[in-house]
Amino acid sequence: MQQNCVANLACLPGFDFTSFFLPQNDPHIYDFNPLDMIDPYNCNGSIAISSMSAGTVDNQEGRSNDERKKRRLASNRESAKRSRVRKQRRLNDLSSQVAELLDTNQRLLIELHHMIAKHAHIVRENAKLREEAADLQKRLNEMEVEESEAATGTGTPEVA
């Protein structure tokens, strides 16, 4: 009886017995077992319909999984692209901010140097004025001494 089943397998139209032993490029070829298509109680080579429909459901699930995977990969690519665009925009913003801060820093350094020069000039002028004030104070003190000596009459005679 088993010999008949094997013979029926070999006689199935479009059935290639060598396909069991050769690698296949189709990824869905292994989704179902071709031996499940043979009715074990009827060795006349008839194909079981329930096994075919189960194989079709597995293929559909595999395809839907593939579609989901493709959608997920596309979504990930788009997300990565948006992330790269955001990163580039942020980098550009930071670069322009650096340039602006460098310009501001340069302007402030120039202004600081002007202020330091003004301060040094004012310090020199202030020192000159203090020296002048000290000279005037000294002359005033000398004049007061001379006046007090002249008033008391004990000084040197005034030169006319």
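The values are calculated or read from the model by the stated rules, or taken from the named source; none is laboratory data. Source: prediction; values computed, not measured. Using ideal geometry, Cβ is built from the backbone for each residue, glycine included, and neighbour counts are taken over all protein chains shown. Note: areas computed on protein heavy atoms with side chains; ligands, DNA, RNA excluded. Shrake-Rupley method; radii C 1.70, N 1.55, O 1.52, S 1.80 Å.
With +1 on each Lys and Arg Cβ and -1 on each Asp and Glu Cβ, how big is the dipole of the stretch 81-124 about its Cα centre, in debye rounded to the nearest 20? Working shown, then result.
Values: 10 positive and 4 negative charges, 114 e Å.
Computed about the Cα centre, the dipole is about 540 debye.
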* Asked: In the full protein assembly as shown, how much of residue 118 is accessible to a 1.4 Å probe, in Å² to the nearest 10?
  -> 120 Å²
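Can you give me the % of accessible surface on the stretch 68-125 that is carbon or sulfur? Probe 1.4 Å, all protein chains present, nothing else counted.
Values: 3260 of 5600 Å².
The nonpolar share, carbon plus sulfur, comes to 58 percent.
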